[in-house]
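The values are calculated or read from the model by the stated rules, or taken from the named source; none is laboratory data. Source: prediction; values computed, not measured. Note that each Cβ is placed from the backbone with ideal geometry, even for glycine, and that neighbours are counted across all protein chains shown.
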Amino acid sequence: MPDAQKVNSMFARIASRYDLANRMLSFGIDRMWRDRLVDEVEARKPRAVVDLATGSGDVAFALRQDLARDTRVVGLDFCAPMIEEAKRKQLRFNEPAIEFGIGDIFDLPLEDGCANAVTISFGYRNLQDRHQGLLEIHRILDSEDGRVFILEFSQPYTLYRPFYYFYLKRVLPLIARIITGDLEAYQYLCGSIESFPGREGVTAELENAGFKNIQAIPMALGSVALHIGQA
Ligand SMILES: C[S@@+](CC[C@H](N)C(=O)[O-])C[C@H]1O[C@@H](n2cnc3c(N)ncnc32)[C@H](O)[C@@H]1O
């Protein structure tokens, strides 16, 4: 399981170059994955959405752009430099209607049942205790219509697997080192993806935490998946 302190300081180190690295390492496809997540949230017309592990806020900005103006959008992350990055973008985009703040998934500064949707994009894999994280997410979801949307790396389809892991282990760390100057952070990324469960495993984790009607939507030949679960 990832160590929370190490994860926090790793994201603090790469915060200022995080967006650039994302675009280059995924060849820009990461935008399409986040757009799919936002489309699924939008279809449920939530009144309040919390984007956890929001990082530099890409999902929160996309939600703000697509959801009704009276929908509350909150973005929380436990890494201060990441939230500073999100707030800098908020000024640049002149988009004040997102509540960015510091928040640890294991102890959220939010009331029970306050959200109709919780999104977490490429953050679930980094949690020290995923079960505890899911219980805390369940707590803040509305028991009537609340849903969690987890966008995360997954295990690719068998034939694609060798090519994917070759890119991930041999090519990506080298490019990432050039962009961010931080080889260790991207070696961590590869290890954490390889040891992360596939769609059946994440579905079981959601069920164990009390979520129902779980959908697992594969993307990018299975290397990414969107899980949706009802509280
Ligand atoms: C890979 S980034 C994802 C950022 C953003 N959601 C995106 O899609 O680009 C993972 C984020 O999870 C955050 N994170 C990890 N553990 C966390 C925790 N326990 N509570 C809140 N944020 C956490 C990190 O600080 C980091 O910003």
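In the set GLY229, GLY133, GLY123, GLY201, which member is free of Cβ contacts under 8 Å to residues at least 40 places away in the same chain and within 16 Å of the chain's Cα centre (by Cα)? Explain how you work it out, then say what you get.
Working: GLY229 fails: free of Cβ contacts under 8 Å to residues at least 40 places away in the same chain; GLY123 fails: free of Cβ contacts under 8 Å to residues at least 40 places away in the same chain; GLY201 fails: within 16 Å of the chain's Cα centre (by Cα).
Selected residue: GLY133, the only one of GLY229, GLY133, GLY123, GLY201 that is free of Cβ contacts under 8 Å to residues at least 40 places away in the same chain and within 16 Å of the chain's Cα centre (by Cα).
Residues of the stretch 85-101 being in a helix (DSSP H, G or I), touching a helix residue (DSSP H, G or I) at 6+ places or on another chain (Cβ under 9 Å) and either modelled with pLDDT under 95 or of a type outside the set (A, V, I, L, M) (or both), which ones? Give the steps one after another, and end with the answer.
Filtering the stretch 85-101 down to residues in a helix (DSSP H, G or I) leaves 85-92.
Retained after the next criterion (residues that are touching a helix residue (DSSP H, G or I) at 6+ places or on another chain (Cβ under 9 Å)): 85-86, 89-90.
Scanning the stretch 85-101 gives GLU85, LYS89, GLN90.
Is one or more of the residues making up the stretch 149-160 surrounded by 17 or more Cβ atoms within 10 Å (Cβ to Cβ) and assigned to a helix (DSSP H, G or I)? Outline the logic, then answer.
Of the residues in the stretch 149-160, the ones surrounded by 17 or more Cβ atoms within 10 Å (Cβ to Cβ) are 149-156.
Filter once more, so that each one left must be assigned to a helix (DSSP H, G or I): none.
No, the stretch 149-160 has no match at all.
Among what's in the stretch 15-32 and is hydrophobic (A, V, I, L, M, F, W, C) and crowded, with 19+ Cβ neighbours inside 10 Å, pick the residue that is nearest to GLY55 (Cα to Cα). I'd like the intermediate steps shown before the answer.
Step one: filter the stretch 15-32 for residues hydrophobic (A, V, I, L, M, F, W, C), giving 15, 20-21, 24-25, 27, 29, 32.
From what is left, the residues that are crowded, with 19+ Cβ neighbours inside 10 Å are 15, 21, 25.
Working: ALA15: 8, ALA21: 13, LEU25: 17 Å.
Among those residues, the one meeting the criterion is ALA15.
Looking at GLN187, GLN128 in this structure, which one is within 11 Å of the ligand (Cβ to nearest atom), surrounded by 14 or more Cβ atoms within 10 Å (Cβ to Cβ) and of a type outside the set (Phe, Trp, Tyr)?
Working: GLN187 fails: within 11 Å of the ligand (Cβ to nearest atom).
The conditions single out GLN128.
Going by what's in this entry, would ALA12 be described as touching a residue at least 12 places away in the same chain (Cβ under 8 Å) and touching a Pro at 6+ places or on another chain (Cβ under 8 Å)?
Details: touching a residue at least 12 places away in the same chain (Cβ under 8 Å): yes; touching a Pro at 6+ places or on another chain (Cβ under 8 Å): yes.
Considered against the rule, which asks whether it is touching a residue at least 12 places away in the same chain (Cβ under 8 Å) and touching a Pro at 6+ places or on another chain (Cβ under 8 Å), ALA12 comes out as yes.
Residues in the stretch 136-146: is at least one part of a loop (DSSP other than H, G, I, E, B), under 22 Å from PRO2 (Cα atoms) and hydroxyl-bearing (Ser, Thr, Tyr)?
Checking the stretch 136-146: not a single residue is part of a loop (DSSP other than H, G, I, E, B), under 22 Å from PRO2 (Cα atoms) and hydroxyl-bearing (Ser, Thr, Tyr).
What are the residue pairs meeting all of these: first residue in the stretch 51-75, first residue in contact (Cβ under 8 Å) with a residue 12 or more places away in the chain, second residue among the basic types (Lys, Arg) and within 7 Å of the ligand (Cβ to nearest atom), Cβ atoms under 7 Å, and 6 or more apart or on different chains?
Hits for this filter: ASP58/ARG34; VAL59/ARG34; ALA62/ARG34.
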